[in-house]
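Colleague: Sharing a structure, written as structure tokens. Questions coming.
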Amino acid sequence: MPTIPITPNDRVFVLTGAGISAESGLPTFRASDGLWAGHRIEDVCTPEAWQRNPALVWEFYSARRLAGQQAEPNPAHFALADLEARLGDRFFLCTQNVDDLHERAGSTRLLHMHGELAKSRCEQNCGRPPVQDRTIYRNLAEVGRCTCGARLRPHIVFFGEIPLDMDRIQQQIDRASLMLVVGTSGSVYPAANFVHWARMAGARTVYVGPEPPLNASAFTHVVEGRAGQALPGLFTF
Ligand code: APR
């Protein structure tokens, strides 16, 4: 297995996708047994789906909450928490995942660009902050209300909505000298563009996953392997 040197001057930006949680038992999106199997994306993960059938959307995300709560972080999540402990504020983690396995492994400098399963927010965007919410809803009548009176929706960024904190993400990418991307197919934008932004800023770019992503040609290194095996021991200091 190759190793990637990290120098005292390096700043590391990490982007993770569903593949990093695969070894924790959470299915990826685009695998044949993926989460969308049995559900068309437009039925559960778009603003239109929410307008049309909020009960189905909450049924889908309640099932994902349950699966997320039953999963445990794997060696890949712990390897990134260890890397952060070593690098401090020279480390930044952006995840597309909505589970909390990074936090539970010990990561703190992280941002969930597609939202978080463990939160809900106002469906009217009234401006009040999201609330912690791990409830597994059995029907729409159980779903709570924002203090403004509107129904709570999942904190998840639906298809067609703008990912969270893009300004902060852009700033962190501009400062990074090494971008590490783990377990994402490179098929969902803007995340699939991050590697291009990093290259333009002069960074080395490393991908880790069992198969090359769609944007593989933008990486300076592609490490083919499962994250839980490849990440621990990948870096030298
Ligand atoms: N280790 C690392 N990578 C893995 C592993 C593993 N053990 N198992 C699978 N993978 C890789 C697959 O090869 C694939 O490239 O994980 C990737 C998963 O790809 P997707 O299912 O497309 O997931 P992701 O890229 O995170 O999806 C992006 O799409 O539906 C939306 O909002 C959702 O955040 C999600 C976004």
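Colleague: What number of residues within segment 130-139 are farther than 19 Å from Val157 by Cβ and modelled with pLDDT of 95 or more?
Modeller: Within segment 130-139, residues that are farther than 19 Å from Val157 by Cβ and modelled with pLDDT of 95 or more number 3.
Colleague: Let me ask you something else. Can you say whether Thr46 is open to solvent by 20 Å² or more (accessible area, probe 1.4 Å) and either among the hydroxyl-bearing types (Ser, Thr, Tyr) or modelled with pLDDT of 95 or more (or both), as far as the supplied structure shows?
Modeller: Spelling it out, it is not the case that Thr46 is open to solvent by 20 Å² or more (accessible area, probe 1.4 Å) and either among the hydroxyl-bearing types (Ser, Thr, Tyr) or modelled with pLDDT of 95 or more (or both).
Colleague: Also, quick follow-up: Here are the criteria: (1) at pLDDT 95 or above; (2) more than 16 Å from the ligand (Cβ to nearest atom). Tell me which single one Gly127 does not satisfy.
Modeller: That leaves (1) as the condition not met.
Colleague: Filter segment 82-96 for residues that are open to solvent by 10 Å² or more (accessible area, probe 1.4 Å) and within 8 Å of the chain's Cα centre (by Cα) and give the result.
Modeller: The one that is open to solvent by 10 Å² or more (accessible area, probe 1.4 Å) and within 8 Å of the chain's Cα centre (by Cα): Gln96.
Colleague: Would you check if Leu140 is of a type in the set (A, V, I, L, M, F, W, C) and within 16 Å of the ligand (Cβ to nearest atom)?
Modeller: Here the answer is no, as Leu140 does not meet what is asked.
Colleague: What number of residues within segment 89-99 satisfy the criterion of being assigned to a strand (DSSP E or B) and farther than 14 Å from Ser21 by Cβ?
Modeller: Of the residues in segment 89-99, 3 are assigned to a strand (DSSP E or B) and farther than 14 Å from Ser21 by Cβ.
Colleague: Counting only residues that are at positive phi and modelled with pLDDT under 95, how many does segment 150-182 have?
Modeller: Number of matching residues: 1.
Colleague: Could I ask something else about it? I'd like to check something: does segment 74-88 contain any residue that is part of a strand (DSSP E or B) and either over 29 Å from Thr236 (Cα atoms) or not hydrophobic (A, V, I, L, M, F, W, C) (or both)?
Modeller: No, segment 74-88 contains no residue that is part of a strand (DSSP E or B) and either over 29 Å from Thr236 (Cα atoms) or not hydrophobic (A, V, I, L, M, F, W, C) (or both).
Colleague: Let me ask another. Out of His102, His114, I need the residue that is part of a helix (DSSP H, G or I), surrounded by 13 or more Cβ atoms within 10 Å (Cβ to Cβ) and not small (Gly, Ala, Ser). Which one?
Modeller: Among His102, His114, only His102 is part of a helix (DSSP H, G or I), surrounded by 13 or more Cβ atoms within 10 Å (Cβ to Cβ) and not small (Gly, Ala, Ser).
Colleague: Out of the residues in segment 117-133 that are charged (D, E, K, R) and over 20 Å from the mean Cα position of the chain (by Cα), which is surrounded by the most Cβ atoms within 10 Å (Cβ to Cβ)?
Modeller: For segment 117-133, the residue satisfying everything is Glu123.
Colleague: To continue, here is another question. Within the set of pairs 6+ apart or on separate chains, which have a first residue in segment 160-174 that is under 12 Å from Ala191 (Cβ atoms), a second that is of a type in the set (Phe, Trp, Tyr), and C-beta atoms under 7 Å apart?
Modeller: Ile173/Phe13; Ile173/Phe194; Ile173/Trp197
Colleague: For the condition open to solvent by less than 50 Å² (accessible area, probe 1.4 Å), within 13 Å of the ligand (Cβ to nearest atom), of a type in the set (A, V, I, L, M) and in contact with a strand residue (DSSP E or B) (Cβ under 8 Å, 6 or more places away or on another chain), what is the one hit in Val188, Val208, Val157?
Modeller: Val208
Colleague: Might you let me know whether segment 134-145 holds any residue that is without any contact (Cβ under 8 Å) to a residue 60 or more places away in the chain and either crowded, with 17+ Cβ neighbours inside 10 Å or within 30 Å of Thr236 (Cα to Cα) (or both)?
Modeller: Within segment 134-145 (the criterion being without any contact (Cβ under 8 Å) to a residue 60 or more places away in the chain and either crowded, with 17+ Cβ neighbours inside 10 Å or within 30 Å of Thr236 (Cα to Cα) (or both)), the answer is no, since none of the residues qualifies.
The values are calculated or read from the model by the stated rules, or taken from the named source; none is laboratory data. Everything quoted here is computed from the prediction, not taken from an experiment. Glycine gets a Cβ as well: all are built from the backbone with ideal geometry, and neighbour counts include every protein chain shown. Side chains included, ligands, DNA and RNA excluded: accessible areas come from the protein's heavy atoms. Shrake-Rupley method; radii C 1.70, N 1.55, O 1.52, S 1.80 Å.
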